[in-house]
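Single-structure report; data block below.
The values are calculated or read from the model by the stated rules, or taken from the named source; none is laboratory data. Given the structure is predicted, the values throughout are model-derived calculations rather than measurements. Cβ placement follows ideal geometry from the backbone for every residue including glycine, while neighbour counts extend to all protein chains displayed. Heavy atoms of the whole protein, side chains included, go into the accessibility calculation; ligands, DNA and RNA do not. Shrake-Rupley method; radii C 1.70, N 1.55, O 1.52, S 1.80 Å.
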Amino acid sequence: MQIRMEGKNCVVTGANSGIGYATAEGLASRGATVYMVCRSKERGEAALSKIQSATGNPNVHLEVCDLSSINNVKSFVSKFSSDDKPVHVLVNNAGLLEQKRVITPEGLELNFAVNVAATFTITELMMPLLEKAAPDARVITVSSGGMYTTPLTKDLQFSGSNFDGTLQYARNKRVQVALTEKWAETYGKKGVGFYSMHPGWAETPGVAKSLPDFSQRLSGKLRTSEEGADTVIWLALQPKEKLVPGAFYFDRAEAPKHLLFAGTAKSHALIDSIVDELRSLCALPAQTALT
């Protein structure tokens, strides 16, 4: 964890609070050039200023992007790519747990839009920049232990009438783990590593807002954001030969992706058809698709 990161470009989504903030600060403290992708310009600027002050690193930048909009994500990546700078680390951290069914202006269920569609789009479109940083490039996706409770399903946007935000979040997090496996299989030879991880239950603004009862009940017993971000930073620093491509990590160690007798393992066979649907929903050009 003492490794320095000068000269490395790191992109962190959802970086203005919680685990994203702690990740951005941890990477900046090691000398990395950090790009904080935040929805709110105001909150992003405040977080940026705090990180620069705390780390003494001036190479921290704000990128404003609403990850609930695929068009917004595409515009951000297009603008960001115009400088043609290599991306050594992409941290897909931004996440949302909205309990009610909300449909975005682009017609997507909101949890799915942020947790899955944006993660898929940003990763796919940043592949050329990640390849420029090969063989050291890596994508780290912050999933959740909630994914253990549910198999992969093709019902990506929860079409049933009894919408359950917590279940939808768990399904989204399962997709992220399966996608990480698929990306590792597809792009591994291009010198890009893909890993997903579970940060443990941390006391973050996101948890307090989306799970208020849970947050209050366990107040003082949950992890700090820094503890939640620890494995993300560890994954960013580890030599790639010490990491398992496509693996799911918890507390700096590879963890199982399925619980015994949970019946989720075979569901990952659906990932190819899910990727096809994501490519179609996000209207990504064929050359960036997982084929």
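Charge tally around LYS8: other residues with Cβ under 11 Å, Lys/Arg +1 each, Asp/Glu -1 each, net +2.
In a fully extended conformation the segment linking ALA255 and LYS100 would gain 52.7 nm over its present Cα-Cα distance, using 0.36 nm per residue. Using only the Cα atoms of the stretch 1-48, build the gyration tensor, take square roots of its eigenvalues as a ≥ b ≥ c, and label the shape rounded, prolate or oblate: rounded if a/c is under 1.5, else prolate if a/b is larger than b/c, else oblate. Here the stretch 1-48 falls in the prolate category.
Over all other residues within a Cβ to Cβ distance under 11 Å of GLY165, the charged ones net out to 0, with Lys and Arg as +1 and Asp and Glu as -1. Sorting the segments 163-176, 13-26, 184-197, 36-49 by their residues' average number of neighbouring beta-carbon atoms within 10 angstrom, most packed first, yields 13-26, 163-176, 184-197, 36-49. Would you mind telling me the share, in percent, of accessible area of the chain contributed by carbon and sulfur at probe 1.4 angstrom? C and S atoms contribute 52 percent here.
About the centre of its Cα atoms, the chain shows a dipole size close to 220 debye [charges on the beta carbon of Lys, Arg (+1) and Asp, Glu (-1) only; nearest 20 debye].
Compute the label zone of GLU277 within the stretch 109-127: residues whose backbone N is under 14 Å from the point 7 Å along Cα-to-Cβ. It comes to 109, 112-113, 116-117, nothing else. For the chain, the relative contact order is 18 percent, taking Cα pairs closer than 8 Å that sit 6 or more residues apart in sequence and dividing their mean separation by the residue count. Using a/c under 1.5 as the rounded threshold, could you call the stretch 9-282 rounded, prolate or oblate? The axes a ≥ b ≥ c are square roots of the C-alpha gyration tensor eigenvalues, and prolate needs a/b larger than b/c, oblate otherwise. It comes out rounded by the Cα gyration axes. For the stretch 9-282, the solvent-accessible area with a 1.4 angstrom probe is 41 square angstrom per residue. Electrostatic bookkeeping for VAL34 treats Lys and Arg as +1 and Asp and Glu as -1; over the other residues with beta carbon under 11 Å from its beta carbon, the sum is 0.
Go through LEU278, PRO199, SER81 and say which Cα lies farthest out towards the positive end of the charge dipole of the chain; charges sit on Cβ, +1 for Lys and Arg, -1 for Asp and Glu. Towards the positive end, the residue furthest out is PRO199. Cα centroids of the stretch 230-283 and the stretch 123-184: 8 Å apart.
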